[in-house]
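The values are calculated or read from the model by the stated rules, or taken from the named source; none is laboratory data. Source: prediction; values computed, not measured. Here the Cβ positions follow ideal geometry from the backbone for every residue, glycine too, while neighbour counts run over all protein chains shown. Calculation scope for accessible area: heavy atoms of the full protein, side chains included, ligands and nucleic acids excluded. Shrake-Rupley method; radii C 1.70, N 1.55, O 1.52, S 1.80 Å.
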Amino acid sequence: MAKTVLQVLPNLSPINKVAGLAAYRLGRWRDAIRNLETYMAESGENDLVPALMDCYRALGRTAKVAELWTELRRSSPSTEVIAEARIVGAGALADAGDLGGAISLLTIGGSTKSLRNPADRHLRQWYALADLYERAGDVPRARELFMRVARADPEAYDVQARLEALGRQRRPRRGGTPKKGARSS
């Protein structure tokens, strides 16, 4: 429907937003880019920059992702927008083989802080950082972050499967209880 309306009113900002998000969710990256860029130019809003960055990431345009990240940081976006953009930016760095840079981008943003009542953005950042640590071979850090996500929301993403794949960390025995089959003196 949005496409039909845009044929008549091509610069209608809310319709470009809807069309851009629809194309984004369907994986039509170029259509999404065109509509999201039109929406942002018309509205002056920066709320969908992370989605735009993700479109460029999907097309392998890492330099454009970095450019959008730099522009976004200058515009004082909301905490949620900056968190999502940081995740996309880190993903683009990882896609380009820079796991260290990706991890750094998320850790500089405070993604390693443990919180009592984390917001959804914290869970997304912890999950993304855990994934990066796992890809970099740092299984203990990956496990700790996946466990943090699971404690906050056991149903989040595929965190249970990720923990199972990593093997849950064994807790040390307490109270001197002998292991099964061990001799007692």
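Quick notes on this structure:
- Residue match in the range 82-97 (condition: assigned to a helix (DSSP H, G or I), without any contact (Cβ under 8 Å) to a residue 24 or more places away in the chain and open to solvent by 40 Å² or more (accessible area, probe 1.4 Å)): no
- Pairs meeting the criteria (first residue in the range 111-126 and among the aromatic types (Phe, Trp, Tyr) and outside any loop (DSSP other than H, G, I, E, B), second residue at pLDDT below 90 and open to solvent by less than 60 Å² (accessible area, probe 1.4 Å), beta carbons under 9 Å, at least 6 apart or on different chains) are 126/111.
- Considering the range 71-95, the residues that are farther than 24 Å from residue 23 by Cβ and either modelled with pLDDT under 95 or of a type in the set (Asp, Glu) (or both) include one that is nearest to the chain's Cα centre (by Cα), namely 79.
- Within the range 112-136, the set of residues being modelled with pLDDT of 95 or more and either open to solvent by 80 Å² or more (accessible area, probe 1.4 Å) or more than 18 Å from residue 86 (Cβ to Cβ) (or both) comprises 134, 135.
- Residues of the range 72-81 satisfying the condition of being surrounded by fewer than 18 Cβ atoms within 10 Å (Cβ to Cβ) and under 24 Å from residue 15 (Cβ atoms): 75, 78, 80
- Taking the range 44-71 as the range and being open to solvent by less than 40 Å² (accessible area, probe 1.4 Å) and outside any loop (DSSP other than H, G, I, E, B) as the test, the residues that pass are 49, 50, 51, 52, 53, 54, 55, 56, 65, 68, 69.
- In summary, residue 63 fulfils each of the numbered conditions (1) among the hydrophobic types (A, V, I, L, M, F, W, C); (2) modelled with pLDDT under 90; (3) over 28 Å from residue 156 (Cβ atoms) with the single exception of condition (2).
- Selection within the range 137-149 - under 19 Å from residue 110 (Cα atoms) and open to solvent by less than 60 Å² (accessible area, probe 1.4 Å): 138, 142, 143, 145, 146, 147, 148, 149
- So residue 106, is it modelled with pLDDT under 95 and either among the small types (Gly, Ala, Ser) or not in a loop (DSSP other than H, G, I, E, B) (or both): yes
- Qualifying residue in the range 22-43 (condition: hydroxyl-bearing (Ser, Thr, Tyr), outside any helix (DSSP H, G or I) and in contact (Cβ under 8 Å) with a residue 12 or more places away in the chain): no
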